[in-house]
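The values are calculated or read from the model by the stated rules, or taken from the named source; none is laboratory data. Since this is a predicted model, take the numbers as computed values, not measurements. As a convention, Cβ positions derive from the backbone with ideal geometry for all residues, glycine included, and neighbour counts pool all protein chains shown. In case anyone asks, the SASA skips ligands and DNA or RNA and just uses the protein heavy atoms, side chains included. Shrake-Rupley method; radii C 1.70, N 1.55, O 1.52, S 1.80 Å.
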Amino acid sequence: MRMPFVHGVMDRRILVNYHVDPDVLGSLLPAPFRPKIVRGFAMVGICLIRLRHLRPIGLPWWFGISSENAAHRAAVEWEEHGTVREGVYVWRRDTSSRLHCLAGGRVFPGIHHHARFVVRETADQYSVVLCSDDGETRLTVRARLTNRLPSSSVFESSAEASAFFQGGSVGYSATSDSSRFHGVELHCFHWAVEPLEVEEVRSSFFENESLFPRGSIGFDCALLMRGIEHAWHARSDLCCSEAAPVGAGA
């Protein structure tokens, strides 16, 4: 797959994070991925990004497109040529852009599903409601800015959480071939996060008890990024003959 280098502005990025039993997550990940552990827990979550002026490098800003996007993902590690790598494994991507749905998995990495987003924002409050056209993804996130993480978070500080998720810049996602994964790398020109206090979070994926049994998963924290100039770069496909697709919506 040949993907042009594309860049734009990450107008708003919300990372809603859950801590989960590593054994449960391990059973949901295809080889070669394994959970990345922090204080005995694995981490999964939802990435909600609004992109502005996304276009191939070299084209003027007005040529770019804007979209709302969501990814259900897990923090993972894997071995590549004898070296341990880290990033995220993406079970599913949803987008408001028909173009992303058409091009995803063809022109640029990652299969995308079309969804309807309802977004309401003020200077310090955020509400995102999503329902995919195929009915597989339903989620609601309502949050407001705060100055600290919840006491129940596995992270001791916002700085520690920020560093953990900054390490997940490389993402791999499932394809129609269960032994091949599309790769993409996010490069942020600067990295700054703010903690969010979540008033409501619902996810049809993470609330599916056939995947995440009761008691195996809990909300951890949420982080906000705003106005981040960034670029996306394709990574070579990752192949593994032992890989197998897992779970609804994978």
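For (1) open to solvent by less than 70 Å² (accessible area, probe 1.4 Å); (2) assigned to a strand (DSSP E or B); (3) at negative phi, each residue gets a yes or a no:
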site: Ala70; (1), (2), (3): yes, yes, yes
site: Trp78; (1), (2), (3): yes, yes, yes
site: Glu86; (1), (2), (3): no, yes, yes
site: Arg92; (1), (2), (3): yes, yes, yes
site: Leu102; (1), (2), (3): no, no, yes
site: His114; (1), (2), (3): yes, yes, yes
site: Phe117; (1), (2), (3): yes, yes, yes
site: Arg120; (1), (2), (3): no, yes, yes
Problem set entry | Search result, residues across the range 7-28 that are small (Gly, Ala, Ser) and farther than 26 Å from Asp124 by Cα | Gly26, Ser27
Problem set entry | Test set (1) at pLDDT 95 or above; (2) out of contact with any Gly (no Cβ under 6 Å at 6 or more places or on another chain) - Met1 fails condition number | (1)
Problem set entry | Close pairs from the range 114-125: first closer than 12 Å to Arg12 by Cβ and in contact (Cβ under 8 Å) with a residue 24 or more places away in the chain, partner open to solvent by less than 70 Å² (accessible area, probe 1.4 Å) and β-branched (Val, Ile, Thr), Cβ under 6 Å, at least 6 apart | Val119/Val128
For this session: For the range 35-44, enumerate the residues that are touching a residue at least 40 places away in the same chain (Cβ under 8 Å) and either closer than 15 Å to Gly171 by Cβ or assigned to a strand (DSSP E or B) (or both).
Result: Pro35, Lys36, Val38, Phe41, Met43, Val44
Exercise. Give me the pairs: first residue in the range 178-194 and open to solvent by less than 30 Å² (accessible area, probe 1.4 Å), second residue of a type in the set (Val, Ile, Thr) and not in a loop (DSSP other than H, G, I, E, B), beta-carbon distance under 7 Å, and six or more apart or on different chains, which are they?
Worked result: Gly183/Val170; Cys188/Ile228
Exercise. In this structure, is Val154 assigned to a strand (DSSP E or B), open to solvent by less than 70 Å² (accessible area, probe 1.4 Å), more than 20 Å from Ala231 (Cα to Cα) and aliphatic (A, V, I, L, M)?
Worked result: no
Exercise. Mind checking which residues of the range 208-223 are surrounded by fewer than 20 Cβ atoms within 10 Å (Cβ to Cβ) and part of a strand (DSSP E or B)?
Worked result: Gly218, Phe219
Exercise. If only one of Leu25, Leu48, Leu59, Leu15 is of a type outside the set (Gly, Ala, Ser), modelled with pLDDT of 95 or more and not in a strand (DSSP E or B), which one is it?
Worked result: Leu25
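Select from the range 177-207 the residues that are in a strand (DSSP E or B), at pLDDT below 95 and of a type in the set (A, V, I, L, M, F, W, C) and write down the one among them that is farthest from Arg235 (Cα to Cα). Steps first, answer last, please.
Kept after step one, since they are in a strand (DSSP E or B), are these residues of the range 177-207: 180-188, 194-203.
Okay, now just the ones that are also at pLDDT below 95, so 180-188.
Adding the requirement that they be of a type in the set (A, V, I, L, M, F, W, C) leaves 181, 184, 186, 188.
Values: Phe181: 10, Val184: 5, Leu186: 10, Cys188: 16 Å.
It comes out as Cys188.
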